[in-house]
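Below is one structure, written out as structure tokens; the observations come after it.
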Amino acid sequence: MHAASAIDTLTLAIPPFRPLDSLDHVADHLLQAGYEPVLSVPIVDAERPVGMISRHQLHALFMKKFGRELYGKRPVADFMIRDFLSIEADTPLAQAAQYLTRHMRQPVSEDFVITREGLYQGVGAVLSLLGAMERQAVQHSAQLGHAYRELKASQAQLIQSEKMASLGQMVAGVAHEINTPLGYVRNNVEMVGEFTSQTARLLHAYRELSRALLAADGDAAQVTAALDSIEALEALIDPELLQADQSTLLTDTLYGLNQISELVSGLKDFSRLDQAPTDNVSLNDCVESALLIARNSLKNKVEVIRQLGDLPPLRCAPSQINQVLLNLLTNAAQAIADRGRILIRTWAGEGNVCISVQDTGKGMPPEVLKKIFDPFFTTKPVGEGTGLGLSIAYKIVEQHGGRIRVASQPGRGTRFVVELPCPTVTTPAAVSARLLQA
């Protein structure tokens with residue numbers, strides 16, 4: 001069994017002719033059944049092809065004046081093409097097509113002989129080869145399409161894995177960020193519960209006084225006792241102050257719950273898969289979202305300076321852009337050993353919106369700088385980095401039609417600039433903004 005891609009899959013079992021067969025004999029047989037698919041027929045001597053003769057040749061000879069009478073009895077060997085096209089049966093289709101393209105005469109009037117170890121096997125029709133090449137091209141195209149879809153799916157899974165790895169590194173910090181407001185929310189609720197209990201006792205005392213006053217058989221002693229109880233409670237509880245304290249506690253509680261809600265919402269938006277359509281968002285909102293998630297990594301160590309410009313809506317996948325920004329922010333924080341600053345700037349450029357993340361960290365030497373976007377390259381200790389963060393960030397920005405640039409100096413810090421296309425930016429204002437911000 002030969003390979004399915006071999007040329008022998010196109011072999012036509014055409015009976016060959018002998019060199020001494022007459023032209024009349026060949027012409028008569030070409031009109032019979034079995035020879036219709038071919039433009040030419042082989043001449044074989046001792047099982048080895050020695051030439052080809054085509055319908056075109058026979059037609060040209062017999063159309064001459066008295067052509068059949070002059071040439072019909074002569075042997076076909078006198079007229080056959082000796083430098084005929086011959087291809088081995090195990091030749092791949094693509095290689096066979098290249099051979100025919102280089103050697104075929106124009107106009108196309110002959111086919112090719114198929115041999116195995118020099119022995120005649122049959123004839124291959126040019127049109128059959130073209131059809132096989134077309135089918136193979138369609139098959140290869142389908143395979144490439146399938147491979148491309150698998151690659152895209154793998155890239156999406158890789159991006160998601162890196163995203164979840166980034167979140168995993170921040171889980172403790174995010175938990176702390178949630179526990180802080182959760183702690184004082186719980187404390188406030190407990191205090192409101194105590195105030196509610198005190199209020200209930202005061203209301204009960206007023207109810208006893210009302211009953212004493214309204215009772216038909218009540219006496220002055222009961223009224224006096226109820227008044228004494230109320231006076232004692234009011235000495236402990238100032239109703240007006242109690243109401244003000246409760247209002248303050250409830251306001252603080254709602255503030256804490258809103259903080260928790262923002263953190264949970266940020267985590268949800270950041271961790272979801274971006275298979276939904278893109279949306280129009282503000283790049284400044286993406287900055288705030290990334291800062292919210294990275295807050296625990298930054299506080300007590302990094303002073304964040306925001307210089308956020310007026311930006312038009314950006315058409316993008318928000319959580320992917322958040323992932324890029326979070327990676328830049330965490331890398332900047334990790335580059336700062338003790339204390340330092342991160343300057344975040346946004347501005348509208350010429351047909352794009354830009355964000356700059358600049359730190360006062362340790363910086364990078366040139367040999368590291370040129371490799372930072374390479375997959376799996378990392379300067380972090382084993383177990384602390386995958387080496388995929390910046391590579392994926394680069395890919396995300398590229399898929400959005402933008403670009404990411406970096407400049408760094410050892411001992412002075414690093415600056416990343418991300419540019420994303422935004423056609424709604426007006427050119428004159430954009431140019432002025434870019435000149436001012438650069």
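The values are calculated or read from the model by the stated rules, or taken from the named source; none is laboratory data. Values in this document were obtained by computation on a predicted structure and should not be read as measured data. Every residue, glycine among them, receives a Cβ derived from its backbone with ideal geometry; neighbour counts consider all protein chains shown.
For residue 108, the stated conditions do not hold, so it cannot be described as surrounded by 15 or more Cβ atoms within 10 Å (Cβ to Cβ) and in contact (Cβ under 8 Å) with a residue 40 or more places away in the chain.
Being modelled with pLDDT under 75, part of a helix (DSSP H, G or I) and either of a type in the set (Asp, Glu) or on the phi > 0 side of the Ramachandran plot (or both) is a description that applies to residue 240. The residues of the stretch 313-362 that are among the small types (Gly, Ala, Ser) and within 19 Å of residue 292 (Cβ to Cβ), listed by number, are 317, 319, 332, 333.
Can we say residue 342 is buried (at least 19 other Cβ atoms within 10 Å of the Cβ), closer than 19 Å to residue 413 by Cβ and touching a residue at least 12 places away in the same chain (Cβ under 8 Å)? Judged against the criteria, residue 342 is a match. Of the numbered criteria (1) at pLDDT below 85; (2) farther than 25 Å from residue 364 by Cβ; (3) out of contact with any strand residue (DSSP E or B) (no Cβ under 6 Å at 6 or more places or on another chain), the one residue 312 fails is (1). Considered as a group, the residues in the stretch 414-438 that are modelled with pLDDT under 85 and of a type in the set (Val, Ile, Thr) include one that is nearest to residue 353 (Cα to Cα), and that residue is 425. Of the residues making up the stretch 45-56, those that are in contact (Cβ under 8 Å) with a residue 40 or more places away in the chain and closer than 12 Å to residue 80 by Cα number 5.
Checked across the stretch 396-413, the condition of being within 18 Å of residue 330 (Cα to Cα), modelled with pLDDT of 55 or more and part of a helix (DSSP H, G or I) holds for at least one residue. In the set (1) surrounded by 13 or more Cβ atoms within 10 Å (Cβ to Cβ); (2) at pLDDT below 75, residue 294 fails one condition alone, (2). The strands (runs of 3 or more DSSP E) found entirely in the stretch 299-384 that carry 1 or more residues being within 25 Å of the chain's Cα centre (by Cα) and closer than 17 Å to residue 419 by Cβ are 314-316, 340-348, 352-359. Of a type outside the set (A, V, I, L, M, F, W, C) and either at pLDDT below 75 or part of a helix (DSSP H, G or I) (or both), is that true of residue 145? In short, yes. For the stretch 48-69, residues that are among the acidic types (Asp, Glu) and either surrounded by 11 or more Cβ atoms within 10 Å (Cβ to Cβ) or outside the structural domain of residue 115 (by TED's automatic domain parsing) (or both) total 0.
A search for C-beta distances below 6 Å between a residue of the stretch 299-323 that is in the same structural domain as residue 359 (by TED's automatic domain parsing) and over 14 Å from residue 284 (Cβ atoms) and any residue that is of a type in the set (Asp, Glu) and surrounded by fewer than 21 Cβ atoms within 10 Å (Cβ to Cβ), counting only pairs 6+ apart in sequence or on different chains, returns 317/274; 319/269; 319/274; 320/274.
Of the helices (runs of 4 or more DSSP H) that lie entirely inside the stretch 1-113, those containing 3 or more residues that are under 52 Å from the mean Cα position of the chain (by Cα) span 93-103.
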